[in-house]
Amino acid sequence: MITGLHHVSMKCGSPEALLRVKTFYVDLLGFQTVREWPEGLMLRCGSALLEIFTNGEGSREKGALRHIALAADDVDAIAARVQAAGYEVFLGPKELLIPSEPPLSARIAFCRGPLGEEIEFFRER
C-alpha cells in the first residue's frame, strides 16, 4: 500500500550548483537539511523530501514530471521573496478555479529554481 510521497530527486552537475540549490531551498524557502554528503543532500518539506545529487550533468529536458507544487500559506509573499532573491517568477500570483467536481479554488504562482526546475506555490482556498 502506498502511504505518501517520500521524495523527489534532482541532479545537478557541480558542487557550486548544489550550493545554489541549498541556498534556495534552505535559506530562501525554509526547508530543513535532513542529511548531507559530498555528492548530495536531502531536504525536508513537510512530510516529503527533496533529494539532490551532484553526480550527473542534470537534465534540462521536461519529461512527464512537469513541476513541483509546494503548499504555501502566503503565495504572494513567497513569490515576492523568491523574485527579490533574483529568481524568475514567470506566472502569478493569481487566482485559479479548476472546474472539477467539487470545484477547486486556489492562489498560485510559478518560479524557476536554481536548476531550472519549475516550482508552483499553491494555496488551496
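Read the figures in this text as sums done on the coordinates, not as results from a lab. This one's a predicted model, so the numbers in the text were calculated from it and none came from an experiment. Backbone-built Cβ (ideal geometry, glycine too); neighbour counts: all protein chains shown.
Mean residue ellipticity at 222 nm, helices only, the chain: -4000 deg cm²/dmol; runs of at least 4 DSSP H residues each add -39,500 (n - 2.57), and the sum is divided by the number of residues.
Both radii were evaluated on the Cα set of the stretch 72-125; the Rg over Rh quotient, with Rh as the Kirkwood radius, amounts to 1.03. Listed by Cβ neighbour count within 10 Å, with the fewest neighbours leading, V82, V26 appear as V26, V82. Per residue, the average separation of C-alpha pairs within less than 8 Å and at least 6 apart gives the stretch 29-125 a relative contact order of 22 percent. Once both labels are positioned 7 Å from their Cα atoms along Cα-to-Cβ, the gap between S9 and V26 label points is 2.1 nm.
At R0 = 22 Å, how high is the FRET efficiency between K94 and S47 if r is their beta carbon distance? Nearest 0.05 is fine. Approximately 0.20, to the nearest 0.05.
In terms of its alpha-carbon gyration tensor, the chain comes out prolate; a/c meets the 1.5 threshold, and the first ratio a/b outweighs b/c.
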